[in-house]
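Quick notes on the structure that follows.
The values are calculated or read from the model by the stated rules, or taken from the named source; none is laboratory data. Being a predicted model, the structure only gives us computed values, none of them experimental. Cβ placement follows ideal geometry from the backbone for every residue including glycine, while neighbour counts extend to all protein chains displayed.
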Amino acid sequence: MSPNPTPDLILVNGKFATLDRANPQADAVAIQDGRFVGVGTRQDIMKLAGAQTRVIDLNGRRAIPGLIDSHMHIIRGGLNYNMELRWDGVRSLADAMRMLKDQVARTPAPQWVRV
């Protein structure tokens, strides 16, 4: 645990794999600025809470942080980048339809528009 952390978020009553052979499971974690600052028992972690700390009860569910998908298709992605429509940042149906229309104009026949 970090010295004197005041976490933004505490998750309690959960199942957390620690990958520590001496202590493989924890039931609570504390997070500050997107980083773990405490892992352990609910009793220990709740001692770290401040007045603004949000506490979420996981009701016995497992939490899996930071999944990273290492399965990539770099070549296909590079070859088809301009033929794929990405919805990142779309705020309305009208914007989405405009983007789709623009992508159709860019996509050569007989290719499909990929979203």
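What the table below lists for this structure:
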item	result
Members of region 48-87 found to be surrounded by 12 or more Cβ atoms within 10 Å (Cβ to Cβ), closer than 30 Å to P7 by Cβ and not aliphatic (A, V, I, L, M), listed by number	T53, D57
Filter result for G50 (more than 23 Å from the chain's Cα centre (by Cα), part of a loop (DSSP other than H, G, I, E, B) and in contact (Cβ under 8 Å) with a residue 12 or more places away in the chain)	yes
Q103 being among the polar types (S, T, N, Q), modelled with pLDDT of 85 or more and part of a helix (DSSP H, G or I)	yes
Some residue of region 37-45 being out of contact with any Pro (no Cβ under 8 Å at 6 or more places or on another chain), in a loop (DSSP other than H, G, I, E, B) and not hydroxyl-bearing (S, T, Y)	no
